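**Student:** This is the structure, below, for whatever I ask next.
Derivation of every value follows stated rules applied to the coordinates shown; laboratory data play no part. Everything quoted here is computed from the prediction, not taken from an experiment. Ideal geometry is used to build each Cβ from the backbone, glycine not excepted, and the neighbour counts take in all protein chains shown.
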């Protein structure tokens with residue numbers, strides 16, 4: 001039975017399809033993909049030479065349909081595999097939970113710093129660095145250029161900066 005070129009041709013084509021799909025799940029640097037291409041071409045050649053023109057044409061058309069379909073399937077499924085997530089950088093559920101918690105903690109820390117006072121470390125022109133409660137922050141002055149050493153109060157927070165205003169001698173911002 002295995003002497004029949006018709007069987008050999010289709011077995012080689014099926015092997016090529018399986019190897020091509022496996023390439024998406026097993027990191028081989030393209031070795032499985034290259035082997036899949038060689039097996040598929042060998043299968044089509046065996047069908048053309050050993051089984052005749054009709055089977056050769058059928059095999060060729062099948063490969064032209066199954067090849068892109070297998071590629072599309074692999075590209076659709078691959079991002080959801082552990083390897084695909086690792087390469088693409090899609091976070092896992094645990095990573096998303098940790099990021100959400102870190103974001104919530106950062107938002108809470110930002111709310112807790114509103115109204116606190118600190119000192120300008122580098123001149124705010126209008127952007128610079130301030131120190132509040134022993135910690136350094138990027139800040140932007142709301143009104144004026146503030147020299148280093150000026151007492152300031154946090155009045156808000158933008159994406160990556162605190163908004164600050166000079167504290168006058170009476171302690172008001």
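**Student:** Quick one: check the C-alpha center-to-center distance for region 43-62 versus region 128-149, whole angstrom.
**Tutor:** Their Cα centres are 76 Å away from one another.
**Student:** Which value in deg cm²/dmol, rounded to the nearest 500, describes the helix-derived mean residue ellipticity at 222 nm for the chain, given -39,500 (n - 2.57) per DSSP H run of n ≥ 4 and division by the residue count?
**Tutor:** -17000 deg cm²/dmol
**Student:** By how many nm would the segment from residue 145 to residue 11 lengthen if fully extended, with 0.36 nm per residue of separation less the alpha-carbon distance?
**Tutor:** 40.5 nm is the gain from fully extending residue 145 to residue 11.
**Student:** Within 10 Å of each residue's Cβ, count the other Cβ atoms and sort 152, 38, 46 from fewest upward.
**Tutor:** Ordered from fewest to most neighbouring Cβ atoms within 10 Å, 152, 38, 46 come out as 38, 46, 152.
**Student:** Let me ask something else. For 61, 146, which order do you get if you count the other beta carbons within 10 Å of each Cβ and list the fewest first?
**Tutor:** Ranked by crowding around the Cβ, least crowded first: 61, 146.
**Student:** For helix 93-113, what angle does its Cα long axis make with the longest principal axis of the chain, in degrees from 0 to 90 and rounded to 10?
**Tutor:** 10
**Student:** Moving on. Cut-off is 10 Å between beta-carbons; in what order do 44, 65, 18 appear when sorted fewest neighbours first?
**Tutor:** Lowest to highest Cβ neighbour count: 65, 18, 44.
**Student:** Go ahead and collect, in residue order, the members of region 86-125 whose backbone nitrogen is under 20 Å from a label point 7 Å along the Cα-Cβ direction of residue 155.
**Tutor:** 110-125
**Student:** So how tilted is helix 53-77 from the main axis of the chain? Cα-based, degrees 0 to 90, rounded to 10.
**Tutor:** 20
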